[in-house]
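Shown next, in structure tokens, is the structure this report addresses.
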Amino acid sequence: MNHPQQGGVVYGYSELTYMSNSGNAAPYIEQQPPTPPHRRMSPFRVLVRAFIAVCTFIVVLALFIWLIYRPRTMQFAVAEAMLTGFDLNTTIPSAPVLSYNLIAHVVISNPNRRVSIYYDQLRAVGFYQAEQFGQTALPLSFQGTRHADTVPAVLAGSSPMGFGESGVQAFRDDQKGGVFPVDLWVDGVVRYKFGDLKTTSASTLSVKCHLQLQPNVSLGWVLCTVIDF
């Protein structure tokens with residue numbers, strides 16, 4: 001049984017349907033939010049991003065070079081050493097003066113196949129009972145790949161020692177035993193050459209050679225310890 005239509009509303013059984021004049025439901029159109037205006041990057045942000053990009057490139061390049069060349073630690077040894085004079089003047093016990101004459105031949109080896117070494121500074125320094133008693137420059141400025149050089153280190157003169165009465169007694173004990181424990185340190189400033197690329201930043205070098213020296217007796221081969229390079 002049909003019911004008459006009134007005002008576009010159809011009543012039938014339990015359903016209520018709204019119909020448009022055309023008989024079709026109006027489609028729903030979703031409104032898109034407006035596109036925000038494009039903001040220009042500030043000059044400061046541009047500089048920061050450029051700086052980060054440059055730093056990243058440098059780090060990657062340095063890592064790439066290191067992986068190719070992989071520099072190995074330099075090797076040091078004392079081929080021969082002799083102590084021809086080592087006397088302590090104790091006229092003033094609180095300020096003893098050490099007279100010394102030490103001759104050593106230091107062997108410096110570069111084991112790298114692709115890395116050369118520039119020595120901007122290189123010297124040998126003598127220590128007795130942790131007190132410095134002399135130093136001398138070593139005549140080496142450049143070392144090629146897989147190359148070893150023997151350089152002389154001559155320490156001669158006199159130096160005041162700051163170890164006081166206890167140091168004087170230790171010197172007498174060493175003199176009585178006939179052996180003086182002397183540390184010969186080699187330190188300097190080095191730069192590296194990777195192929196045709198030379199580093200501009202320098203590295204410090206520190207090497208310790210522990211010597212047990214008898215007066216007027218030649219000491220043979222002694223390996224040294226590289227502390228820093």
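Only the coordinates and a few stated rules stand behind these numbers; no lab work does. Bear in mind the structure is a predicted one, so any value in this text is a computation, not a measurement. Positions of Cβ are backbone-derived with ideal geometry, glycine not excepted, and every protein chain shown enters the neighbour counts.
Along the Cα→Cβ direction, 7 angstrom out, place labels at SER206 and GLN132. What is the inter-label distance in nm?
1.3
Given charges of +1 on the Cβ of Lys and Arg and -1 on the Cβ of Asp and Glu, with all other atoms neutral, how large is the dipole of the range 75-228 about its Cα centre, in debye to the nearest 20? Could the numbers behind the result be given before it?
On the way: 10 positive and 12 negative charges, 130 e Å.
Computed about the Cα centre, the dipole is about 620 debye.
With no solvent and one point per C-alpha, what does the Debye sum give as log10 I(q)/I(0) for the range 138-192 at q = 0.24 Å⁻¹?
For the range 138-192, the Cα-only Debye profile gives -1.13.
Once both labels are modelled 7 Å past Cα along the beta-carbon direction, what's the ASP149-ARG191 spacing in nm?
Roughly 1.5 nm, to one decimal.
Arrange the peptides 145-153, 127-135, 182-190 so that the one whose residues have, on average, the most other Cβ atoms within 10 Å appears first.
Details: 145-153: 15.0, 127-135: 17.4, 182-190: 19.6.
Final packing ranking: 182-190, 127-135, 145-153.
Compute log10 of I(q)/I(0) for the range 75-228 with the Debye formula, placing one identical point scatterer on every Cα and leaving out solvent, at q = 0.09, 0.15 Å⁻¹, to two decimals.
Log10 of I(q)/I(0), two decimals: -0.33, -0.78.
What FRET efficiency do you get for ILE103 and ARG49 if R0 is 45 Å and r is their Cβ-Cβ distance, rounded to the nearest 0.05?
Values: r = 60 Å, r/R0 = 1.33.
Here the calculated transfer efficiency is 0.15.
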